[in-house]
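What follows is one structure encoded as structure tokens, with my remarks underneath.
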Amino acid sequence: MDQEKIGKFIAACRKDQGFTQAKLAERLGLTDRAVSKWENGKSMPDASIMLDLCELLKINVNELLSGERLDTASYKEKAEDNLLELHLQEEKANKKMLGLEIVIGTISVISFCVTLIIAAGAEMPVWARVILIVTGSFVLALGIFYSIKIEREAGYYECQECGARYVPSMKAVIFAPHIGRSRQLKCPYCGKRNYHKKTLTK
Ligand SMILES: [Zn+2]
């Protein structure tokens with residue numbers, strides 16, 4: 001996806017419709033800085049506002065993602081390219097999130113171990129030892145919570161029975177036994193309980 005081309009296209013369509021950056025931003029409930037960033041090719045409109053944006057600019061999402069007006073002949077081909085591109089972007093973003101999960105998980109476990117070693121070895125009054133262990137445990141719990149939250153939100157779990165891909169509830173993920181990133185979950189589609197593998201895209 002050519003962000004710069006898309007930005008220029010947004011600017012051209014905005015002017016065609018007689019909007020200033022500020023006016024368009026206001027209609028979308030955003031700051032004009034957001035619109036200016038799209039038009040400079042520095043960021044892409046969020047998926048959540050794409051439909052409203054397209055309606056205001058009198059274009060369709062496929063044209064927005066292509067950064068040009070499309071005739072019916074090239075429409076289908078572009079639609080497939082854009083879908084594939086969105087797929088790849090989702091995959092990349094989810095991979096990054098799962099990498100972050102490992103970093104957060106590792107740091108919180110190491111910091112907990114260091115806390116325990118200090119609490120066990122260093123000379124200090126009992127109350128200080130208690131505070132140190134409580135704080136260490138709290139940081140560990142927070143780290144694990146965020147790791148699980150990231151793991152739940154990045155990508156999907158795949159049911160081995162029916163092949164459905166879905167995002168389970170936070171509670172289901174927290175209480176599910178796991179081997180690596182495969183978790184024992186109940187499939188919301190076929191109802192079978194099994195180890196469901198993590199996949200990056202739908
Ligand atoms: Zn299933």
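The values are calculated or read from the model by the stated rules, or taken from the named source; none is laboratory data. What you are looking at is a predicted structure, and each value in this text was computed from that prediction instead of being measured. Glycine gets a Cβ as well: all are built from the backbone with ideal geometry, and neighbour counts include every protein chain shown. Ligands, DNA and RNA are stripped out before the accessible areas are found, and what is left, the full protein with its side chains, is counted by its heavy atoms. Shrake-Rupley method; radii C 1.70, N 1.55, O 1.52, S 1.80 Å.
Suppose all protein chains stay in the model; what accessible area per residue would a 1.4 Å probe give for the chain, in Å²?
On the way: 12570 Å² over 202 residues.
Heavy-atom accessible area per residue stands at 62 Å².
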> Based on DSSP H runs of at least 4 residues, each adding -39500 (n - 2.57), what is the mean residue ellipticity at 222 nm of the chain after dividing by all its residues, to the nearest 500 deg cm²/dmol?
Replying inline: -21500 deg cm²/dmol
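Rounded if a/c is under 1.5, else prolate if a/b is larger than b/c, else oblate: which is the stretch 3-70, with a ≥ b ≥ c the root eigenvalues of its Cα gyration tensor? Walk me through the intermediate numbers first.
Working: a/c = 1.32, a/b = 1.21, b/c = 1.09.
Verdict is rounded for the stretch 3-70.
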>> Taking only complete DSSP H runs, can you tell me which helices of the chain stretch 18 Å or more along their own long axis by Cα positions and average at least -1.0 on the Kyte-Doolittle scale?
In response: 3-16, 72-121, 126-153
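With a ≥ b ≥ c the root eigenvalues of the C-alpha gyration tensor of the stretch 155-199, is it rounded (a/c under 1.5), prolate (a/b larger than b/c) or oblate? Please report the intermediate quantities before stating the final value.
Working: a/c = 1.40, a/b = 1.29, b/c = 1.09.
Since a/c stays below 1.5, the shape of the stretch 155-199 is classed as rounded.
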> Listed here are the pairs Lys37/Lys76; Lys5/Lys76; Lys92/Lys149; which of them are more than 27 Å apart at the Cα?
Replying inline: Lys37/Lys76
> Just checking the chain: which Cys have no other cysteine's beta-carbon under 4.7 Å?
Replying inline: Cys13, Cys54, Cys113
> Near the amide H of Ser43, under 5 Å away, which other amide H atoms are found, from residues 5 or more places off or on another chain, if H is placed in the peptide plane?
Replying inline: Trp38
